[in-house]
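Structure, as structure tokens:
The values are calculated or read from the model by the stated rules, or taken from the named source; none is laboratory data. From a predicted model like this one, the values you see are computed outputs, not experimental measurements. Counting neighbours? That spans all protein chains shown, and the Cβs are built from the backbone with ideal geometry, glycine included.
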Amino acid sequence: MKKILSIDDDPQILKAFESAIQQKGYDILTSTDPNEVGKILSEHNIDLVMLDVHMPQKSGFEIYREIRQRAPVPVLFVTGDPRAFTDPSRPGARILQEEVEKGNAGVLFKPFDVPTLYRKTDELLHLTAVAATGAAPSA
């Protein structure tokens with residue numbers, strides 16, 4: 001069973017993700033503390049991280065760099081601010097755009113609907129599965 005980690009400072013968002021992801025048949029771990037990411041990644045085999053971009057303790061981009069140092073797990077960035085990815089003056093925007101193009105990351109904009117959440121998670125999980133087998137991605 002696929003295991004997803006969701007990090008967000010808003011417990012209501014985490015509850016929405018948890019409910020939707022469990023209905024999809026995936027395992028989900030949640031945390032409001034971005035400082036727990038390293039510990040969780042070392043204790044669990046995580047297939048996908050869903051990561052809020054704007055949190056008070058650390059930015060999603062800082063956490064993304066930490067994740068990349070530990071594991072090649074794909075990341076679905078979650079934000080209510082589209083400029084976080086399109087404005088080149090914003091920290092991390094260029095890096096994220098490159099990672100999305102490579103298939104290592106995706107973006108989910110708030111507010112979101114469940115079908116879009118499922119599509120985004122399935123796309124990243126599929127790309128990860130394809131990379132693990134060494135097969136060419138299917139259309």
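Are any of the residues in the stretch 36-48 closer than 18 Å to GLY80 by Cα and free of Cβ contacts under 8 Å to residues at least 60 places away in the same chain? Looking for residues that are closer than 18 Å to GLY80 by Cα and free of Cβ contacts under 8 Å to residues at least 60 places away in the same chain, one finds none in the stretch 36-48, hence no.
The residues of the stretch 72-81 that are under 12 Å from ASP8 (Cβ atoms) and either in a loop (DSSP other than H, G, I, E, B) or out of contact with any Leu (no Cβ under 7 Å at 6 or more places or on another chain) (or both), listed by number, are THR79, GLY80. Residues of the stretch 47-95 that are touching a Phe, Trp or Tyr at 6+ places or on another chain (Cβ under 9 Å) and polar (S, T, N, Q): THR79 alone. Would you be able to say whether some residue in the stretch 82-99 is small (Gly, Ala, Ser), within 14 Å of the chain's Cα centre (by Cα), crowded, with 18+ Cβ neighbours inside 10 Å and in a loop (DSSP other than H, G, I, E, B)? No, that holds for no residue. Applying the condition of being within 14 Å of SER31 (Cα to Cα) and not in a loop (DSSP other than H, G, I, E, B) to the stretch 55-71 and asking which residue is modelled with the lowest pLDDT yields GLY60. Restricting ASP52, ASP8, ASP27 to residues that are in contact with a strand residue (DSSP E or B) (Cβ under 6 Å, 6 or more places away or on another chain) and in contact (Cβ under 8 Å) with a residue 60 or more places away in the chain narrows the list to ASP8.
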